[in-house]
Amino acid sequence: MARILAIDYGAKRTGIAVTDELKLIASGLTTVRTHDLESFLKDYFEKEKVELVLIGEPKQVDGTHSENEERIIHFINRFKKVFPTMQFERVDERFTSKMAFQTMIDSGLKKKQRQNKALVDEISATIILQTYLYR
């Protein structure tokens, strides 16, 4: 069985989450420097079977794309060239950062721990994955 991997693409950091092989549980995997994302994915795809990659689609409240969308389109074009057989879908990621931060508060993380932007990105990727799984 294969996993589903979710990407919360950012200018500096990218959060990554993945399902278990039965596609029942979404878990944060890691946060990588965006510059290193392609090599990370190559390594991960060699080690784990992934059938689908979810890429967050950043939108404003009114439904228009945010300023990060241009970077993501560039990434998607490169992704299609490097991983031509890998399926991908876009998932609306509105409010995932706010939801991730609230999750950190609800989990009882201290203020210093909540300032860890890499953790916010990883949790955001997990929320993107959960959104897809539970729709």
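Values in this text are rule-based calculations from the coordinates and carry no lab data. Bear in mind the structure is a predicted one, so any value in this text is a computation, not a measurement. With ideal geometry, Cβ positions are generated from the backbone for all residues, glycine too; neighbour counts draw on all protein chains shown.
Structure notes:
- Number of Lys pairs (Cα under 16 Å; 8 or more positions apart or on different chains) in the chain: 7
- Share of Cα-Cα pairs in segment 3-133 lying beyond 21 Å, as whole percent: 36
- A Förster radius of 25 Å, combined with the Cβ-Cβ distance separating Val82 from Glu21, puts the computed FRET efficiency at roughly 0.55.
- Electrostatic bookkeeping for Phe83 treats Lys and Arg as +1 and Asp and Glu as -1; over the other residues with beta carbon under 11 Å from its beta carbon, the sum is +3.
- For segment 3-133: relative contact order, % (alpha-carbon pairs under 8 angstrom, 6 or more apart): 36
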